[in-house]
1. Check off (1) within 26 Å of Thr424 (Cβ to Cβ); (2) assigned to a loop (DSSP other than H, G, I, E, B); (3) over 20 Å from the mean Cα position of the chain (by Cα) for Val106 and give me the number that stays unchecked.
2. I'd like the full set of residues that are assigned to a loop (DSSP other than H, G, I, E, B), within 22 Å of Ser601 (Cα to Cα) and open to solvent by 10 Å² or more (accessible area, probe 1.4 Å), limited to the range 695-718.
3. Please state which of the following conditions Ala286 fails to meet, knowing it meets all the rest: (1) buried (at least 23 other Cβ atoms within 10 Å of the Cβ); (2) of a type in the set (A, V, I, L, M); (3) farther than 16 Å from Arg199 by Cβ; (4) out of contact with any strand residue (DSSP E or B) (no Cβ under 8 Å at 6 or more places or on another chain).
4. Taking Gly785, is it among the small types (Gly, Ala, Ser), crowded, with 20+ Cβ neighbours inside 10 Å, touching a Ser or Thr at 6+ places or on another chain (Cβ under 9 Å) and closer than 22 Å to Phe511 by Cα?
5. When you scan the range 397-412, do you find a residue that is within 18 Å of Gly480 (Cα to Cα), at pLDDT 80 or above, in contact with a strand residue (DSSP E or B) (Cβ under 6 Å, 6 or more places away or on another chain) and among the hydrophobic types (A, V, I, L, M, F, W, C), even just one?
6. From the set of residues in the range 632-669 that are at pLDDT 95 or above and of a type in the set (Val, Ile, Thr), which is surrounded by the fewest Cβ atoms within 10 Å (Cβ to Cβ)?
7. Filter the range 719-764 for residues that are loosely packed, with under 15 Cβ neighbours inside 10 Å and either closer than 18 Å to Met498 by Cβ or of a type in the set (Val, Ile, Thr) (or both) and give the result.
8. Just checking, how many residues over the range 519-548 are among the polar types (S, T, N, Q), open to solvent by 80 Å² or more (accessible area, probe 1.4 Å) and closer than 22 Å to Cys792 by Cβ?
Amino acid sequence: MTKRSRSKSSGWRKHLATLRWPAWLKPYRRHLLITLGVTAVVTMGSLAYLYVSYGRVIDLRLHGERDRAVPRVFGRPITLQTGQNLTQAELVARLNDVGYAQTSRVEKAGEFALDQHRVILISRGGDRAGQPLTVSFPEPPVVKRKTAVPPPVAQRIARLQVADRNVERVTLDAPLLTGLMTGTREKRRRVALDAIPARMQEAVLAIEDRRFYYHPGIDPIRIVGALITNIFGNKTYLSGASTITQQLARNFFLTDEMAVEQQTGQRSTLRKIREQIMAVILETKATKNEILELYLNDVYLGHRGSFALHGVAEASKIFFGKDVRNLTLSEAALIAGVIQSPFFHSPFNNPDRARDRRNVVLRAMADGDYITAEAAERATTDPISVVARAVDNEAPYFVDYLGSALDSLFPGITAKPGALDIYTTLDLNLQRHAQEAVREGIARVDAVLARRKRGPQRVAQAALVAIDPRSGEILSFIGGRSYNQSQFNRAANARRQMGSTFKPFVYLAAFDKAADEGTGDITPATLVYDEPTTWNFDNQTWTPRNYDGEYDGAITLRRALAMSRNIATVKVAEQTGYDKVVALWRKTLIGTQDQVKPYPSVALGVVELTPLEVAEAYTVFPNNGTIKKLRSIIRVLSSDQEATPKIEPGPNVARSSAAFLVTHMLRSVLNDGTGASARTAGFTLDAAGKSGTTNDLRDAWFVGFTPELLTVVWVGLDDNQPLGLSGSQAALPIWTSFMMKALAGRPNRGFEAPGGVSFVEIDRDTGKIATPTCPRVTLEAFLSGTEPLASCELHHFQ
């Protein structure tokens with residue numbers, strides 16, 4: 001020990017010796033000093049232990065949180081083309097989907113601005129990355145008279161310009177559908193702090209922790225203020241003093257204890273002390289900006305459907321359908337206000353309370369000098385405008401289906417640490433059109449059911465699946481009328497009888513057999529007698545009837561399929577051989593194969609399939625006899641690999657010529673058959689389709705396709721009770737609405753005939769070669785060599 005240290009030590013002892021101790025304490029002076037010293041050592045040791053032990057927990061969680069990447073699900077890149085059915089508002093919504101920021105002047109990639117009837121942007125990705133793009137929409141007409149009603153304006157893209165050069169088509173970024181936490185029902189979008197606008201950060205700081213950047217994790221001033229308020233105030237509830245750091249510590253590290261408190265309804269003092277200690281330690285382990293970023297990405301903001309919403313970026317999408325960078329001051333304040341009590345202040349459940357709380361936040365922002373009092377006052381007048389079906393906008397049924405597809409294609413990939421980006425086939429434009437078509441169609445069905453007043457109001461459900469038949473890629477996917485109300489995925493999991501949508505496979509089996517045998521006994525022009533008929537099989541008697549109870553007598557196969565005649569179809573199956581029909585169906589490898597039996601009833605669709613399986617089955621027609629396996633995933637990018645699903649070839653079911661004959665016949669369903677109302681509604685493109693209705697009007701189907709888009713619509717009741725509507729009444733309007741919007745601006749492409757097919761003009765009534773006097777002539781397709789030789793005699797002398 002040096003002289004200086006010895007002198008210091010002796011100095012302290014002299015100082016203690018000269019202290020004036022009370023007489024009664026002098027005998028205990030030595031013991032008291034020892035006790036104080038031991039207490040100080042124990043306290044310091046305990047604090048050191050808590051710092052080390054809690055610090056390890058915090059370090060591990062922070063390290064995992066910094067490295068954790070929420071699995072992201074992307075749709076296919078957004079494509080814009082001249083003539084596309086898209087409004088300016090819908091384009092703005094799509095740009096929000098891909099995370100573009102709206103500005104007054106576009107200066108860098110990922111920004112867009114509005115200029116009257118134009119949208120100007122700089123593409124961040126796609127085939128025009130980094131280039132300025134101008135999307136022009138039709139100008140509204142000038143109305144000279146005040147009383148005149150302006151004519152409707154076509155809601156389509158009028159012109160696309162890249163650097164002042166007209167182009168027909170542009171591809172942008174792939175939209176983020178959702179960020180989904182694996183193993184939980186949580187939705188969140190991880191964003192960097194600098195991507196969260198200042199108004200959103202300031203709204204949270206103003207209402208939750210105004211001195212966030214100045215306190216060490218706990219706020220002594222706020223604690224004292226809360227204590228005084230709770231003792232002397234007249235509030236009916238206790239004021240809290242939790243800082244943002246404390247809230248983060250509570251939500252990150254004390255979840256189990258919080259769960260117990262929620263169950264018991266009692267707060268734990270020990271938990272609160274641990275929370276404060278952890279908050280102080282957390283401030284030494286992370287910067288203020290890191291803590292704020294973690295908080296804004298993790299904070300709980302309520303539930304929508306079965307999903308828990310976490311983070312202000314996800315709330316921005318679910319509440320307002322916007323990227324977080326495009327929030328207004330009023331919207332940012334509303335989200336910040338929800339934090340205190342997500343259910344009580346939910347703008348969906350309690351809009352009045354949400355508005356009042358938003359205004360509290362705006363006043364707090366003005367008090368904290370984040371905004372002016374005038375700006376706060378203006379923002380309080382903004383209405384509460386939330387997107388009612390925002391969860392549906394993220395294609396939740398498709399995302400649920402994607403989970404099982406991922407597990408099947410890449411087992412265990414979602415359990416691996418690190419980033420995981422899943423690029424899917426879903427087309428967000430078509431998905432929006434599908435949502436709108438289903439919403440409008442189900443509303444019409446509801447209205448019809450309400451007018452009938454048959455007992456309690458029943459809730460009809462719907463499913464829609466649209467695919468590219470050339471590749472099998474799933475483009476849109478609706479599993480129910482509302483994901484918030486029901487998460488049951490009818491598109492993927494509801495097996496229902498196909499009804500009349502199975503009939504095309506009967507005719508396919510017939511034509512394939514004719515091609516095998518080289519006979520002309522069965523052609524689209526062959527006559528079959530549609531009349532009441534009874535079949536006996538397996539010691540049973542079966543007498544089916546047509547849907548409308550009417551019979552047409554002698555009718556061509558084309559007409560029988562177009563009008564969905566049951567008796568005629570069963571007779572075709574009988575002539576073909578029930579075993580042949582079953583054998584052809586089993587070649588598809590779709591559904592439960594052993595449920596298809598070689599009985600007469602097989603012709604009328606006793607097969608039970610999901611809408612997805614029906615879509616896959618129908619790919620046999622536009623693909624000339626070969627099934628295309630459905631695909632939902634294009635590629636998967638993880639932290640250590642890029643994986644592409646192997647494209648499995650589908651089975652060959654029938655000859656290409658036989659498949660084309662059925663496709664050609666199915667065109668008549670839309671042109672002058674059970675689907676003719678689609679033409680009346682304005683759908684003009686060349687297409688083929690088939691309506692379907694099951695026994696007692698339980699299920700309503702419509703399946704239709706062009707060479708580039710195949711869509712299946714199902715409408716029914718979850719309890720499998722009769723809907724009371726046919727496929728043409730319930731499903732066809734949804735199909736028509738969707739297809740008209742999805743294919744707007746597309747060229748009209750017909751179905752190309754393969755080799756081995758010839759065309760002859762025939763009389764529609766007799767099925768024979770048409771003469772100049774025949775009133776109704778059809779250009780019929782035949783397997784080469786099976787064309788009719790006789791001319792029509794019915795109209796020969798007219």
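The values are calculated or read from the model by the stated rules, or taken from the named source; none is laboratory data. In this text, all values refer to a predicted model and were calculated from it rather than measured experimentally. Note that each Cβ is placed from the backbone with ideal geometry, even for glycine, and that neighbours are counted across all protein chains shown. Note: accessible area is taken over every heavy atom of the protein model, side chains too, but ligands, DNA and RNA are not part of it. Shrake-Rupley method; radii C 1.70, N 1.55, O 1.52, S 1.80 Å.
1. Single failed check for Val106: (1).
2. Result: Arg698, single match.
3. All conditions are met except number (1).
4. no
5. Yes, the range 397-412 has at least one match.
6. Thr663
7. Within the range 719-764, Asn720 is the sole residue that qualifies.
8. The number of residues fulfilling the criteria is 0.
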